[in-house]
Amino acid sequence: MIDGLIFDKDGTLFDFRQSWGGWAARLLAELEPDADRRAVLAQSIGFDAARMDFAPDSPVIAATAPEIAEAMLPHLAPEAASSLVDRMNLLAAEAPTVEAVPLVPLFTALKARGLKIGLATNDTEIPARTHLRKHGVLELFDFVAGYDSGYGGKPAPGQLLAFAGQMGLDPSRIAMVGDSRHDMEAGRAAGMTCVAVLTGIALQDELAPHADLVLDHIGALPGWLDSLSGAALTA
């Protein structure tokens, strides 16, 4: 049985391409006015500005802000680099996040099941809370952690184990839900069930070897939970 769900944010709650393509384009435009140098900068983070899409190995998908900044630093003037992470975080808080599925009815229904709900993101905590608040679901989360919350970032399991500890739950009765290999590795290291979704950049073939199951999107979670309950009743 599952007593808790802990979610990744970008690519899981929010459609990755629609939410973060605009963020990347705005950041690059601010950092580099020259089109040729901006193209080099875009390449350093695996972003295709023409298609508003990301390469599968883009650090934007699962890395922390300092790690993304590190990829760009060799291509920036020192004066631009000094405040890069702060600027990235500010733009992240303003990013026009697009829900992967309608979040309020889904999370209201999940809470009604008595589940504990958490968020573990490699974004910083303040923008993460801002995004949840904008979409009307912050109060439905029992736990929110960014890479700067004191538990580390994924693929390490610190955020997930902190959620389990604070909620008083056995990690084996929690599902980690995410769209990247980092999410699955963190869930596996924490001893949790690993549920992958396909609303990020990674494809099913990439995620399936690291996940216990792969769903099209988080809207399929209630059906999966019902199947677990049905199996328990017939056991």
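The values are calculated or read from the model by the stated rules, or taken from the named source; none is laboratory data. Owing to the predicted nature of the structure, the values given are computational and were not obtained by experimental measurement. Glycine gets a Cβ as well: all are built from the backbone with ideal geometry, and neighbour counts include every protein chain shown. Protein only, heavy atoms only, side chains kept; ligands, DNA and RNA dropped before computing areas. Shrake-Rupley method; radii C 1.70, N 1.55, O 1.52, S 1.80 Å.
Here is how the numbers come out for the structure above:
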{"quantity": "Lys134 accessible area, assembled protein chains, probe 1.4 Å, Å²", "calculated": "120 Å²"}
{"quantity": "Euclidean distance between Cα centres, the stretch 195-234 to the stretch 103-152, Å", "calculated": "19 Å"}
{"quantity": "The stretch 166-180 - phi-based ³J(HN,Hα) in whole Hz, Karplus 6.51/-1.76/1.60, Gly and Pro as x", "calculated": "5, 8, x, 10, 6, x, 5, 10, 10, 10, 8, 10, x, 10, 10"}
{"quantity": "Charged-residue dipole, Cβ positions (Lys, Arg, Asp, Glu), the stretch 13-79 about Cα centre, Debye nearest 20", "calculated": "160 debye"}
{"quantity": "Heavy atoms of Ser82: accessible area, 1.4 Å probe, square angstrom to 10", "calculated": "100 Å²"}
{"quantity": "Projected area averaged over orientations for the chain, convex hull of C-alpha atoms, nm²", "calculated": "12.4 nm²"}
{"quantity": "The stretch 133-150 - phi-based ³J(HN,Hα) in whole Hz, Karplus 6.51/-1.76/1.60, Gly and Pro as x", "calculated": "5, 4, 9, x, 10, 4, 5, 8, 9, 8, 7, 9, 9, x, 5, 9, 8, x"}
{"quantity": "The stretch 168-233: C-alpha gyration tensor shape, a/c 1.5 cut-off, then a/b vs b/c", "calculated": "oblate"}
{"quantity": "Gyration tensor verdict on the stretch 17-94 (Cα atoms; rounded if a/c is under 1.5, prolate if a/b is larger than b/c, oblate otherwise)", "calculated": "rounded"}
{"quantity": "For Asp10, residues with placed amide H under 5 Å, excluding near neighbours", "calculated": "none"}
{"quantity": "Solvent exposure ordering (accessible area, 1.4 Å, most first) of Asp3, Asp226", "calculated": "Asp226, Asp3"}
{"quantity": "Cβ-based charge dipole, the chain, positive-most Cα from Leu132, Leu76, Ala109", "calculated": "Ala109"}
{"quantity": "Accessible area expressed per residue, the stretch 17-94, with surrounding protein chains retained (probe 1.4 Å, Å²)", "calculated": "51 Å²"}
{"quantity": "Heavy-atom accessible area order for Asp205, Asp170, Asp216, Asp15, largest first, 1.4 Å probe", "calculated": "Asp205, Asp216, Asp170, Asp15"}
{"quantity": "Calculated [θ] (222 nm, deg cm²/dmol) that DSSP helices of n ≥ 4 give over the chain, each run adding -39,500 (n - 2.57)", "calculated": "-13500 deg cm²/dmol"}
{"quantity": "Simple Cβ-charge dipole of the stretch 178-235, Lys/Arg +1 and Asp/Glu -1, about Cα centre, in debye nearest 20", "calculated": "140 debye"}
{"quantity": "Solvent-accessible area of Arg113 with every protein chain in place, 1.4 Å probe, in Å² to the nearest 10", "calculated": "100 Å²"}
{"quantity": "Amide H contacts under 5 Å for Leu119, placed H, 5+ residues apart", "calculated": "Phe7, Phe143, Val144, Ala145"}
{"quantity": "Whole-Hz ³J(HN,Hα) from phi, Karplus 6.51 cos²θ - 1.76 cosθ + 1.60, for the stretch 94-99, glycine and proline x", "calculated": "8, 4, x, 5, 10, 4"}
{"quantity": "For Asp53, residues with placed amide H under 5 Å, excluding near neighbours", "calculated": "Asp48"}
